[in-house]
Structures are given as structure tokens and as C-alpha cells.
Amino acid sequence: MQCIVLIKQVPDTKNITAKAMRDDGTVNRAALPAIFNPDDLCALELALRVRDQYGGSVRVISMGPLRALEILRDALSRGADEAVLLSDKRFAAADTLATSYSLSEAVKKIGNYDLIFCGRQAIDGDTAQVGPQVAEKLNIPQATYAQEIWKENGKVFVRREVEGGYEVLALKTPALITVTGGYVLPRPRSARRTIRFRNVTAKPEIEARWKKENPDMPAEELDKKVEAEASRCKQAGLLIDVWSVDDIGADIKRTGLVGSPTRVWRVENVTLHTGESKKIEPTEDGIHALVEELIHDHVLG
Amino acid sequence: MTPSQEIWVFAEQENGELKSVALELLGRARELADELGVEVGALLLGSDVLDLSRTLTNYGADKVYLADHPELKQYRTLPYAKVIDRTVQAHHPQIVLFGATMIGRDLAPRIASQLVTGLTADCTDLQIGNYLDPFTGVDHQNLLYQIRPAFGGNVIATIVAPNHRPQMATVREGVMKTPETTTGRVAKIVKAPAEFTDAELAVEIIEHYRKPKSVDLRAARIIVSGGAGVGGKEGFDLIRELAHVIGGEVGASRAAVDAGYIGKDHQVGQTGTTVRPVLYIACGISGAVQHRVGMQESAKIIAINLDSDAPIFSVAHYSIVGDLYKVVPLMIQAYKNK
Ligand SMILES: Cc1cc2nc3c(=O)[nH]c(=O)nc-3n(C[C@H](O)[C@H](O)[C@H](O)COP(=O)(O)OP(=O)(O)OC[C@H]3O[C@@H](n4cnc5c(N)ncnc54)[C@H](O)[C@@H]3O)c2cc1C
């Protein structure tokens with residue numbers, strides 16, 4: 001089974017404050033700790049189990065700034081075979097429609113896949129929309145809220161959560177699965193792989209380092225050095241490909257902010273109700289009066 | 001064909017029973033449609049569901065777009081998405097609303113992608129308003145304001161989709177009032193096309209299991225909720241006793257659920273149930289924003305907490321600073337002696 005997992009680096013919304021919001025309603029991600037989206041970790045785990053049991057490979061794709069290389073390294077340390085980062089200003093500030101377009105174009109470029117895994121939702125938006133929208137763009141069936149997956153007689157079976165219970169679906173591949181966190185425990189990073197992939201890098205990182213260390217080197221020479229190092233890393237299996245809009249042949253009218261139908265118009269801090277609150281003494285008299293009042297107001301019968 | 005400008009609601013049903021959120025949405029759609037002077041359409045998909053169109057009419061629909069087909073008996077993404085996609089393309093509503101149920105959140109994004117339009121998830125409010133596009137300077141009249149909590153509930157964002165139709169949103173269950181029904185209304189039934197390819201019917205449902213719900217918080221008139229401050233499983237006996245005496249259901253904070261004091265069905269809040277009972281009594285709940293968003297619309301809120309600075313008091317109508325183990329028995333006693 002050839003598996004692709006779509007993963008996202010997200011700001012840790014547990015620690016988010018209004019200060020981390022820009023006026024236009026986007027998050028100032030740089031101001032927040034960034035983590036591997038929890039549901040995506042479970043999606044990766046299910047993909048790794050499928051590969052370990054039935055053979056094949058696991059590729060991970062993320063879209064975001066270079067900082068997102070962190071979670072790709074993390075995914076490699078946990079057992080993913082290959083990683084790709086989509087990084088380009090023209091992908092940025094995308095809503096779910098534009099995001100799913102860009103991701104589906106990257107999936108098409110990879111081409112060879114049986115199953116695509118996504119986390120159910122990302123904690124910075126909680127929309128749960130990108131998975132189904134990628135499936136639609138690839139014209140393949142979807143199974144959302146998956147808890148478990150197995151194969152029998154050439155078909156894939158997915159146990160998925162439904163309101164108050166579960167159902168089991170049988171699908172033919174290719175198909176897209178979104179995974180609900182909490183049913184599988186993501187495996188830890190293996191020590192051996194962590195050491196191996198600690199130095200995994202990407203061309204923009206190599207370039208930035210060469211520029212910093214050799215500020216006076218002529219551009220042409222610098223390019224050559226960067227190319228040489230990148231190809232050495234690639235041969236050693238220590239290079240994460242970084243794809244731009246052009247690399248995946250995407251239509252720039254459909255990516256990023258330009259390709260996003262929705263606009264965040266206004267953002268407000270959550271204000272508390274300021275309605276008058278009546279203080280009730282925790283005494284027999286106080287509580288008695290309260291109960292009387294509630295009965296009088298027909299709140300209590 | 002000129003756009004119909006209608007406002008549509010996905011009338012989610014299972015086993016011939018309409019979801020409460022579908023009725024809540026009809027109520028709001030009716031208000032928005034009256035403001036805009038347009039009609040309300042209900043999208044009804046299923047097998048042998050014609051009867052439900054009466055209910056939808058009574059709750060405010062002017063038209064019922066009906067796709068009645070054996071393959072639509074149980075919800076499956078692809079056949080449902082196909083019907084709705086085709087029906088929207090034939091009639092061009094300006095707004096299409098879905099409940100943010102597990103089905104709504106599976107279906108709506110697929111359709112929005114098919115229609116190449118925007119979709120806002122999990123709205124808690126919808127309004128009509130204008131939007132001046134800062135990029136183009138165009139002043140858009142009468143857009144749908146799609147209002148939702150964002151970033152873990154810490155802010156409220158208003159989203160618009162100025163240049164794409166239909167404007168689509170999913171709306172949380174329980175945040176909008178179920179409207180009053182009116183009888184004597186007549187709605188037009190419009191047949192929606194239901195034809196499927198083999199590929200669209202290829203996903204099979206092998207098994208479908210539902211455990212009977214132990215509690216229906218949404219329908220409860222009174223809810224007595226316990227939090228981490230209850231301190232243990234046994235402590236919930238006291239919460240249950242108060243609920244029983246005054247005729248309510250038992251709710252809980254996530255901390256109480258996570259600690260195993262009570263089942264997940266009882267959880268109120270962002271990742272639990274959104275409730276708006278006549279009376280909500282919060283016992284030993286600090287009132288984190290994720291809890292408040294699920295209960296702050298309650299008509300009357302009583303908060304009992306040892307800590308006078310607990311944020312729950314900011315939404316309470318009656319604040320009792322004290323030990324719940326003293327206060328709750330006093331309430332039971334006061335009510336029994338009334
Ligand atoms: C993404 C996300 C989603 C979440 N979703 C939800 C959700 O749906 N619902 C939800 O509830 N939470 C949710 N939470 C968790 C939320 O942030 C809080 O952690 C949780 O609500 C706290 O529960 P609590 O008030 O019971 O516990 P605490 O915050 O620990 O509060 C216990 C309170 O009890 C009081 N107390 C202690 N003893 C007594 C006593 N004897 N008498 C009276 N008072 C006493 C204390 O003063 C304290 O205020 C979510 C969090 C995240 C990050």
C-alpha cells in the first residue's frame with residue numbers, strides 16, 4: 001500500500017492569547033510554540049501500521065514555512081519513508097479550499113498512491129474541511145473520523161465514528177481517510193532514526209547557511225556549493241524536497257489568499273457577559289431565598 | 001437561469017427523524033430570508049421521507065427540494081454530495097447551511113469543493129451585513145456574516161465570502177433556538193435529481209452501530225453540572241440527587257469527564273454538547289472558555305465555586321461563593337421544603 005500522509009504544524013492553541021493575533025485575524029505563528037497537529041500524528045500512526053502490515057511506503061507532505069521542516073523530521077524519526085514540504089509565499093494565507101487545491105496538486109505530482117491519510121482536523125482552525133476537499137479534488141472516496149483500518153480480499157475496511165456509535169465502511173482504493181485522535185497511540189520517535197534524521201535538511205536551509213557563513217562569495221559560486229551539498233544530502237537520503245507553486249504546476253489563481261473564497265473580516269476577543277450577577281450567600285437563608293425566587297420566576301417547578 | 005437567491009438548509013434526517021439542528025437552522029434561515037425578502041428552501045434527502053416535508057414546512061420552509069431514493073436511505077458521502085451539488089447548480093441559492101454534525105462536517109466540505117466556493121465551519125451565529133472589500137474597494141451588500149469561535153475559543157471571527165456563491169456554513173447544534181411551528185403553511189415540493197454512477201455507490205456500509213444515548217442534554221430544561229471540584233465519582237451522586245429532585249439532567253465539565261467521574265455523553269462545552277436550558281447550575285466548575293461557550297446561552301445560570309475569582313462567575317446570574325458540599329445539600333433541602 002502506497003500511503004501519503006498530509007500533516008500540519010500548528011500553533012499550540014492551548015497557549016494562545018489575543019496578542020498572537022494580527023489585526024487582519026491571521027495568527028502570528030512566530031509568536032507561538034509550534035507543534036505537530038495531534039490528529040495528524042494519529043493519521044501518521046495509522047499509515048505506518050498499514051505499511052508495516054501490508055508493505056508499501058509512507059510519504060508525508062506538509063505545507064507551510066520552512067519551520068515546518070521540524071514536523072517532517074519528526075515524521076521521519078517515527079518511521080516515514082520520505083518527506084516533502086510545500087513552501088512558497090504564494091501558498092500562504094490560504095483557506096481550506098485553496099489549501100486543499102495545493103495539497104491535491106502535490107499529491108498528483110507524487111502520483112502513485114493507494115491511501116491518503118489526514119488528521120480529522122487541525123487545532124488552529126478546527127474546520128475538518130481539508131481532508132474531504134482533497135478527496136473531492138482527486139475524485140476519490142473519503143472516510144472521515146476513522147478509528148481503525150484493515151485490509152481484506154483487496155478491499156480496505158475503515159471503522160469510523162458516527163454520532164453515538166460507529167460504522168464500518170468497505171472502500172476500494174485509492175481513497176482518503178481522515179483520522180480521529182485518541183484511538184491509536186502514536187509510536188514514539190525511534191532513537192536510531194532520530195539520530196539519523198537529525199541532520200536532514202532542505203535546499204533553502206543549505207542556501208541560507210552558505211550565505212550566512214560566506215557573505216562575500218559570488219552568487220554563482222555559492223549556487224554551485226549549495227547544489228553540490230544538496231545532492232550529497234539527497235544521495236545520503238537526508239534531503240527533504242521543497243516544492244514551490246511552480247514545482248507542482250499549480251494555478252496561482254487557485255492558491256494562497258488569491259484562491260481563497262473566504263475572508264476573515266473581523267476578529268473580537270471573547271467578551272464575558274456583563275449582565276448583573278446576584279450574589280447569594282452560601283447559608284440556609286440565602287439558598288432558601290434563591291430557591292423561592294426561582295420558583296416564583298417559574299424557573300423551578 | 002437567474003439565481004433564485006433562496007436560502008437553503010440541509011434537512012438532515014436519520015431513520016426518518018429530523019435532526020434538531022435542521023429545525024434550528026430553519027428558524028434562523030427564515031429570519032435571514034425575511035430580512036432579505038427571499039424564500040427558504042429545505043434540502044431533504046432520504047428514502048421514504050416525503051412525510052417530513054410537512055414538518056419542514058411548519059418550521060418555516062417555503063420549498064422542499066426532495067430527493068427520495070433507496071440509495072439515499074443511509075447517509076453516504078458521495079450520493080448525498082452528488083444530489084446536493086446538482087440541485088444547487090440547477091437553482092442557485094445564495095446561501096446553503098448545514099448542521100455541524102458529523103454528517104454535516106463530512107458532507108459540506110466535499111460539496112463546497114465541488115462548487116468551488118467558500119465554507120465556514122462550526123458557526124455559532126449568522127447575520128446579514130455589508131462588507132467593504134479592502135483589496136478592491138467594492139462594497140458588497142447583504143452578505144452572510146459567518147461568525148465562529150477561533151483558536152481554541154479565544155476569539156470570535158466573522159468570515160465573509162464576497163465573490164463566491166453559494167455562501168456556505170456549518171452551524172453548531174444547539175446554539176440557535178428552535179422556532180415556533182406554524183400550521184397552515186404550504187410549501188412547494190421540488191423534485192431533486194437522484195441518479196448515481198457505480199463509482200458513486202461503491203462505498204459499502206458493512207456495519208452500523210449506535211449505543212443508546214444515556215442522556216439528552218440538548219432537550220433538558222434544567223442541567224446540574226459538576227466539574228473537577230466535585231472531586232470524585234461518588235461526589236456525582238450528590239449532583240445527581242439535586243438534578244433528580246429539581247427535575248434536571250446531569251452535565252459535566254471536561255475535567256470531570258477526563259477524570260472518569262462521569263461519562264463523555266454528559267460533557268458540556270466546545271468538544272461536548274452545547275446547551276441552552278432554562279436553568280444551568282455549575283458546581284465546582286472553574287468556567288474555562290471552552291466550557292462557557294457550551295452553556296453561556298442558558299436562560300439562568302447559577303455558579304457554585306469556592307474561588308470568588310473563578311471565571312464561571314462572569315456568566316452567572318446567581319453567584320454563590322462557597323463549598324458545593326455545603327451549598328448543594330442546602331438547595332436540595334430548600335426545594336424539598338418549599
Ligand atoms: C480544545 C479544547 C477543548 C475543550 N473542550 C472542553 C469542553 O467541551 N468542555 C469543558 O468543560 N472543557 C473543555 N476543555 C477544558 C477546559 O479548558 C478546562 O480545562 C475544563 O473545563 C476545566 O474543568 P473544571 O472547571 O471542572 O476544572 P478546574 O478548572 O480544575 O476547576 C475546578 C473548580 O472547582 C472549584 N472547586 C474545588 N472544590 C470545590 C468545592 N468543594 N466547592 C466548590 N467549588 C470547588 C475550584 O475553585 C475550581 O474553580 C477544552 C480544552 C481544550 C484545550
**Request:** Could you please let me know if A:Val242 is open to solvent by less than 100 Å² (accessible area, probe 1.4 Å) and either over 27 Å from B:Leu306 (Cα atoms) or out of contact with any strand residue (DSSP E or B) (no Cβ under 9 Å at 6 or more places or on another chain) (or both)?
**Result:** yes
**Asked** For the subset of the stretch B:273-288 comprising residues that are near the ligand (Cβ under 7 Å from one of its atoms) and in contact with a Gly (Cβ under 6 Å, 6 or more places away or on another chain), which member is farthest from B:Lys326 (Cα to Cα)?
**Response** B:Ile285
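Among the residues that make up the stretch B:126-133, is at least one of them at the interface with chain A (Cβ under 7 Å from one of its Cβ atoms) and under 27 Å from B:Asp62 (Cβ atoms)? Outline the logic, then answer.
Initially, the stretch B:126-133 is screened for residues at the interface with chain A (Cβ under 7 Å from one of its Cβ atoms), giving B:131.
Imposing the further condition that a residue be under 27 Å from B:Asp62 (Cβ atoms) reduces the set to B:131.
Among the residues of the stretch B:126-133, at least one is at the interface with chain A (Cβ under 7 Å from one of its Cβ atoms) and under 27 Å from B:Asp62 (Cβ atoms), which makes the answer yes.
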**Request:** Of all residues in the stretch A:1-55, count the ones that are open to solvent by 20 Å² or more (accessible area, probe 1.4 Å), at pLDDT below 75, part of a loop (DSSP other than H, G, I, E, B) and of a type outside the set (Lys, Arg).
**Result:** 5
**Message:** For the structure I just gave you, tell me whether A:Val130 is closer than 30 Å to B:Gly104 by Cα, touching a Lys or Arg at 6+ places or on another chain (Cβ under 8 Å) and at pLDDT 95 or above.
**Reply:** no
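Here's the yes/no breakdown for (1) surrounded by fewer than 21 Cβ atoms within 10 Å (Cβ to Cβ); (2) in a strand (DSSP E or B):
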{"site": "A:Ile123", "(1), (2)": "no, no"}
{"site": "A:Thr127", "(1), (2)": "no, no"}
{"site": "A:Val134", "(1), (2)": "no, no"}
{"site": "A:Thr144", "(1), (2)": "no, yes"}
{"site": "A:Trp150", "(1), (2)": "yes, yes"}
**Request:** Could you grab the pairs with beta carbons closer than 6 Å, sequence gap of 6+ or different chains, first residue in the stretch A:126-148 and at the interface with chain B (Cβ under 8 Å from one of its Cβ atoms), second one in a loop (DSSP other than H, G, I, E, B) and among the hydrophobic types (A, V, I, L, M, F, W, C)?
**Result:** A:Pro141/B:Val203
**Request:** Scan the stretch B:62-82 for residues that are within 24 Å of B:Glu39 (Cβ to Cβ) and out of contact with any helix residue (DSSP H, G or I) (no Cβ under 7 Å at 6 or more places or on another chain) and jot them down.
**Result:** B:Asp62, B:Lys63, B:Asp68
**Message:** Given the options A:Val267, A:Val291, A:Val245, A:Val226, name the one that is outside any helix (DSSP H, G or I), outside the structural domain of A:Ile110 (by TED's automatic domain parsing) and hydrophobic (A, V, I, L, M, F, W, C).
**Reply:** A:Val267
**Selection status of A:Tyr101, within 14 Å of chain B (Cβ to nearest Cβ), at positive phi and either out of contact with any strand residue (DSSP E or B) (no Cβ under 8 Å at 6 or more places or on another chain) or open to solvent by less than 30 Å² (accessible area, probe 1.4 Å) (or both)** = no
**Item:** Flag if B:Val268 is near the ligand (Cβ under 8 Å from one of its atoms), of a type in the set (A, V, I, L, M, F, W, C) and under 25 Å from A:Gly165 (Cβ atoms)
**Value:** yes
**Request:** Only strands (runs of 3 or more DSSP E) wholly contained in the stretch B:1-74 count here; list those with 2 or more residues that are over 14 Å from B:Ile95 (Cβ atoms).
**Result:** B:40-46, B:63-68
**Asked** Restricting attention to the stretch B:307-325, and to residues there that are within 8 Å of the ligand (Cβ to nearest atom) and open to solvent by 20 Å² or more (accessible area, probe 1.4 Å), which single residue is nearest to the other protein chains (Cβ to nearest Cβ)?
**Response** B:Asp323
**Asked** Counting only residues that are in contact with a Lys or Arg (Cβ under 7 Å, 6 or more places away or on another chain) and either within 11 Å of the ligand (Cβ to nearest atom) or farther than 24 Å from A:Gly164 by Cβ (or both), which one in the stretch B:210-259 is modelled with the highest pLDDT?
**Response** B:Val257
**Message:** Just to be sure before I move on: is B:Ile189 part of a strand (DSSP E or B) and closer than 18 Å to B:Gly41 by Cα in the structure I sent?
**Reply:** yes
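Given the options B:Glu297, B:Glu241, name the one that is closer than 25 Å to B:Gly99 by Cβ and either of a type in the set (D, E, K, R) or open to solvent by 10 Å² or more (accessible area, probe 1.4 Å) (or both).
Exactly one residue qualifies, and that residue is B:Glu297.
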**Prompt:** Of these, B:Gly174, B:Gly247, B:Gly227, which one is surrounded by 18 or more Cβ atoms within 10 Å (Cβ to Cβ), at positive phi and of a type outside the set (S, T, N, Q)?
**Reply:** B:Gly174
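The values are calculated or read from the model by the stated rules, or taken from the named source; none is laboratory data. Computed from a prediction, not measured in an experiment: that's the story for all the values here. Methodologically, a virtual Cβ is constructed for each residue, glycine included, from the backbone with ideal geometry; neighbour enumeration extends over all protein chains shown. We work out accessible area using only protein heavy atoms, side chains counted, and drop any ligands, DNA or RNA first. Shrake-Rupley method; radii C 1.70, N 1.55, O 1.52, S 1.80 Å.
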